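For reference, the structure discussed in these notes is given below.
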Amino acid sequence: MIKTVAAMLITFGFLLSSANLAVAKEDTRQIIATLTVQAAPYPLMTLTAESGGTVLFLPFSSVGILAKRLLAQVTVPQSSQDARTLVVYAIPASFCTAKWQGVLFSIRQKMRCHRLLAVYQMPVRQAEDRQITAVDSRKIYTLANGFTLSLHPLQTADGKTHVHTGLLRVSYRSFTIGLLLPTQMSPHPWPDDPDILILQPSIFPHARDQKLLDVLDPSARIVLDEGSAKNTDTGALIERLREHWGDVYRVTKRNPLVLTIDLHHLILPMSRSQIVHS
């Protein structure tokens, strides 16, 4: 009798462990991308697909920091250069010069990216055969490993568009990430809302105007708080956004935020009890 019970327990344990292993494997197969948002040592967003393709989003404010450091402190993970794309955004039109384009190209080489796209605050004329591609709001860009990039004017609830407010979107399979930034463009149709919305008050102060955000309803909201003297009211902005949307992640210089995305738009970890991440 004892031997029979022991055998049953062993069999049950084996079946349970096998089921857990199968679930774990199934969960692993569901993961399609990882998003990392950091505020230190410089603001940077990294989106990596399960295939290894990577898109780096670098604000122009970080370019100055990297240029002063001569890229000595820039470290990137080992990966194929063919699968990495660098997107530098919020570039003033006055910096569309050969000198600054050379700086951007140096950063692209240091970060081992095969392609560089620049998002200017004002439209600029630039030949397509150059090493840096100026993003045009009338085009959709196909990046490495299935990513697509596009730029759209923000639309309001009454159907009008803010031609001075843009939403930079990167799409991959079943989800999209949107980054609000100041840029001037011509109006055109508004796409679906992004699943993840990123706000950086230092480059987009209009985020403090909640009316501009009423039309958006993303699944996750991330506020990049660089902790500079100009952003002393970021805490108040967080509170207003919490009242407006509910759950908001706040990324500070203390810790980066890592979100795991699966096929069903689930973002892990996602805890409503910990609305603000710091």
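Modelled spin labels at ASP193 and ALA93, positioned 7 Å past Cα toward Cβ, are 3.2 nm from each other. In terms of packing, defined here as the mean over residues of other Cβ atoms within 10 angstrom, the peptides 107-117, 250-260 line up highest first as 107-117, 250-260.
Can you list the residues of segment 184-200 with backbone N under 17 Å from a point 7 Å past the Cα of ASP214, pointing along Cα to Cβ? The answer is none. Here the gap between HIS244 and LEU263, fully extended at 0.36 nm per residue and compared with their Cα-Cα distance, gives a gain of 4.2 nm. Once the chain from LYS110 to ARG173 is taken as fully extended at 0.36 nm per residue, the excess over their C-alpha distance is 19.8 nm. Backbone amide hydrogens, once placed in the peptide plane, bring ARG250 within less than 5 Å of VAL223, HIS277, excluding anything fewer than 5 places away on its chain. Compared with the alpha-carbon gap, the fully stretched path from SER51 to ASN255 is longer by 70.9 nm at 0.36 nm per residue.
Here the simple spin-label model places points 7 Å from the Cα toward Cβ, and for ASP233 and THR34 these points are separated by 3.8 nm.
Within 10 Å, count the other beta carbons around each residue, average over each peptide in 215-223, 91-99, 235-243, and list them highest first. Let's see the in-between values first.
Details: 215-223: 18.8, 91-99: 12.7, 235-243: 15.7.
Listed from highest to lowest mean packing, they are 215-223, 235-243, 91-99.
The residues neighbouring ARG108, those whose beta-carbon lies less than 11 Å from its own, together hold a net charge of +4 under the Lys/Arg +1, Asp/Glu -1 convention.
Each value in this text was obtained by applying a stated rule to the coordinates, not by laboratory testing. Just so it is clear, the structure is predicted and the values come from calculations on it, not from any experiment. Positions of Cβ are generated from backbone atoms using ideal geometry, with glycine treated the same way; all protein chains shown enter the neighbour counts.
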